[in-house]
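Please read the structure below before turning to the comments.
The values are calculated or read from the model by the stated rules, or taken from the named source; none is laboratory data. Quick caveat: nothing in here was measured; it's all calculated off a predicted structure. Cβ placement follows ideal geometry from the backbone for every residue including glycine, while neighbour counts extend to all protein chains displayed.
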Amino acid sequence: MKLISVNVGLPREVMWNGQAVQTGIFKEPVTGPVMLHRLNLDGDRQADLSVHGGPTKAVYVYPAEHYRYWSDELPGQELPFGVFGENFTTEGLDEEAIRIGDQFSIGEARVVVTEPRMPCFKLAIRFERPDMPKRFLKSRRTGFYFGVLEEAPVRAGDEITLLSRDETGLKLADVTRLYTTERNNSVLLSKAIATEGLPESWRGYFRSQLGKLET
């Protein structure tokens with residue numbers, strides 16, 4: 001497993017549907033070491049901290065393998081690394097394989113998998129396609145977030161090493177399925193609610209879903 005590209009960007013103002021919008025989705029690859037902090041990388045910021053950033057969303061990760069899918073889906077669309085707003089473009093990490101709470105080292109840094117990404121309208125802005133958030137979620141190629149356990153510099157080319165995993169734990173893809181196609185899966189809902197590494201915002205949402213099923 002490897003860190004292929006490190007991508008950063010500061011919030012900028014753009015026009016969308018006739019309104020000025022602040023967004024940090026425009027990321028560009030950088031060379032050399034970049035300091036990874038608890039809440040972000042040097043040179044990177046999130047625009048709307050009510051839904052982006054924070055300890056469970058410090059780093060957005062997107063598998064490089066998904067770029068081949070989008071190249072077929074969006075012919076003619078330029079797809080440089082970072083185009084999905086990701087901080088880390090990676091090789092060898094997959095939503096169906098990794099689990100909530102997995103811990104990895106990247107160079108001297110240590111990170112933990114927290115949750116999948118749920119797309120918002122900022123993705124439509126980046127691609128100039130209003131349908132992009134819906135297509136992104138439907139693809140289930142969502143990418144995911146790291147929390148930062150130990151700060152350290154990271155750089156493209158760093159090896160990513162699995163440090164710990166609960167093999168019976170909740171898959172990242174299970175969270176997305178519960179949100180989209182398996183909302184009535186009470187067994188999986190219960191498992192998600194019991195997953196301590198899943199942020200409380202998700203666990204509370206799933207408690208509500210389970211409560212509706214039980215009544």
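Contact list please: Cβ distance under 7 Å, first residue in the range 128-147 and among the small types (G, A, S), second residue outside any strand (DSSP E or B) and surrounded by 22 or more Cβ atoms within 10 Å (Cβ to Cβ), pairs at least six apart or on different chains.
G143/F84; G143/E86; G143/R117; G147/A58
Which one is farthest from the chain's Cα centre (by Cα), of the residues in the range 136-156 that are modelled with pLDDT of 95 or more and basic (K, R)?
So the residue we want is R155.
Just to check your reading of the model, which residue among T176, T114, T168 is under 20 Å from G197 (Cβ atoms), out of contact with any Cys (no Cβ under 8 Å at 6 or more places or on another chain), at pLDDT below 95 and not charged (D, E, K, R)? Talk me through it step by step, then tell me what you get.
Values: T176 fails: at pLDDT below 95; T114 fails: at pLDDT below 95.
Only one candidate passes the filter, namely T168.
Residue by residue through the range 156-176, note down the ones that are touching a residue at least 24 places away in the same chain (Cβ under 8 Å) and surrounded by 15 or more Cβ atoms within 10 Å (Cβ to Cβ).
A156, D158, I160, R165, G169, L170, K171, L172, A173, V175, T176
Is there any pair linking a residue in the range 185-198 that is over 15 Å from E214 (Cβ atoms) to one that is of a type outside the set (A, V, I, L, M) and not in a helix (DSSP H, G or I), with Cβ under 6 Å and at least six apart or on different chains, and which?
Hits for this filter: G197/G101.
Any idea which residue in the range 70-106 is nearest to A173 (Cα to Cα), counting only those that are touching a residue at least 60 places away in the same chain (Cβ under 8 Å) and small (G, A, S)?
A97
Kindly evaluate E86 against the criterion of being surrounded by 22 or more Cβ atoms within 10 Å (Cβ to Cβ), under 14 Å from the mean Cα position of the chain (by Cα), acidic (D, E) and part of a loop (DSSP other than H, G, I, E, B).
Values: surrounded by 22 or more Cβ atoms within 10 Å (Cβ to Cβ): yes; under 14 Å from the mean Cα position of the chain (by Cα): yes; acidic (D, E): yes; part of a loop (DSSP other than H, G, I, E, B): yes.
Answer is yes for this residue.
Given the structure, is I98 β-branched (V, I, T), crowded, with 19+ Cβ neighbours inside 10 Å, under 19 Å from W16 (Cα atoms) and touching a strand residue (DSSP E or B) at 6+ places or on another chain (Cβ under 6 Å)?
Working: β-branched (V, I, T): yes; crowded, with 19+ Cβ neighbours inside 10 Å: yes; under 19 Å from W16 (Cα atoms): no; touching a strand residue (DSSP E or B) at 6+ places or on another chain (Cβ under 6 Å): yes.
Criteria not met by I98.
Results for (1) assigned to a loop (DSSP other than H, G, I, E, B); (2) among the hydroxyl-bearing types (S, T, Y); (3) within 19 Å of the chain's Cα centre (by Cα), shown as yes or no for each residue.
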residue	(1), (2), (3)
N7	no, no, yes
V14	no, no, no
A20	no, no, no
F26	yes, no, yes
R38	yes, no, yes
H52	yes, no, yes
Y60	no, yes, yes
Y69	no, yes, yes
P75	yes, no, no
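So E108 ticks every box in (1) closer than 25 Å to P130 by Cβ; (2) surrounded by fewer than 18 Cβ atoms within 10 Å (Cβ to Cβ); (3) at pLDDT 95 or above but one. Which box is left unticked?
Exception for E108: condition (1).
Do you know which residues across the range 19-47 are within 19 Å of L123 (Cα to Cα) and surrounded by 15 or more Cβ atoms within 10 Å (Cβ to Cβ)?
The initial filter retains those residues of the range 19-47 that are within 19 Å of L123 (Cα to Cα), namely 19-29, 44-47.
Scanning the range 19-47 gives V21, T23, G24, I25, F26, K27, D44, R45, Q46, A47.
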